[in-house]
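The values are calculated or read from the model by the stated rules, or taken from the named source; none is laboratory data. Everything numeric here is computed off the predicted structure, so don't read it as measured data. Cβ placement follows ideal geometry from the backbone for every residue including glycine, while neighbour counts extend to all protein chains displayed.
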Amino acid sequence: MASGVTALDQGVIVRIPIRGDGTAAAIQTEVSGLSGGLDDFSVIGPEGTIVAALNMANQVVLVKPGAAPRVLLTAADGLSTPTSVRVHGDHLYVTSAAYFTSTDPNLLVAHINR
């Protein structure tokens, strides 16, 4: 078991493994260098693929282990300060808070191929 944590201003996702006795093991950096306000993420596969919301960049990115991030969605798709991402089945759910525009906070639903 493990817990994942983001650092909004650092663009980093870390993994904190939890030992059988409930104590934390050493922190492991899973992803770094995600600029644009890393707000939330979901791990979508056993190999560690991550979907992340970059709220200041108005982007949702896909990060596969050992690969550069790939932009999946942008403001052109309806994002406005995305704050949360979740995957259920073959659907990606993204909440947009519209912090800066105060116009059209929304829930965007997109199909995702795995």
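Identify, by number, the condition in (1) assigned to a loop (DSSP other than H, G, I, E, B); (2) touching a residue at least 40 places away in the same chain (Cβ under 8 Å); (3) touching a strand residue (DSSP E or B) at 6+ places or on another chain (Cβ under 8 Å) that residue 35 doesn't meet.
(2)
Kindly indicate the residue of region 48-67 that is assigned to a loop (DSSP other than H, G, I, E, B) and among the aliphatic types (A, V, I, L, M) and also nearest to residue 29 (Cα to Cα) among those meeting that condition. Please lay out each step first, then the result.
Pass one, region 48-67, residues assigned to a loop (DSSP other than H, G, I, E, B): 48-49, 55-58, 64-67.
Subset that is among the aliphatic types (A, V, I, L, M): 56-57, 67.
Values: 56: 22, 57: 22, 67: 15 Å.
Going through the qualifying residues, I end up with 67.
Just one of 19, 15, 86 is under 13 Å from the mean Cα position of the chain (by Cα) and basic (Lys, Arg); which is it? Spell out how you get there, then give the answer.
Details: 19 fails: under 13 Å from the mean Cα position of the chain (by Cα); 15 fails: under 13 Å from the mean Cα position of the chain (by Cα).
One residue alone meets the criteria, 86.
Restrict the check to region 99-112 and report whether at least one residue is closer than 17 Å to residue 10 by Cα, touching a strand residue (DSSP E or B) at 6+ places or on another chain (Cβ under 6 Å) and either in a loop (DSSP other than H, G, I, E, B) or modelled with pLDDT of 90 or more (or both).
no
Which of the residues belonging to region 68-82 are farther than 13 Å from residue 104 by Cα, of a type outside the set (A, V, I, L, M) and part of a strand (DSSP E or B)?
Within region 68-82, just 70 meets the criteria.
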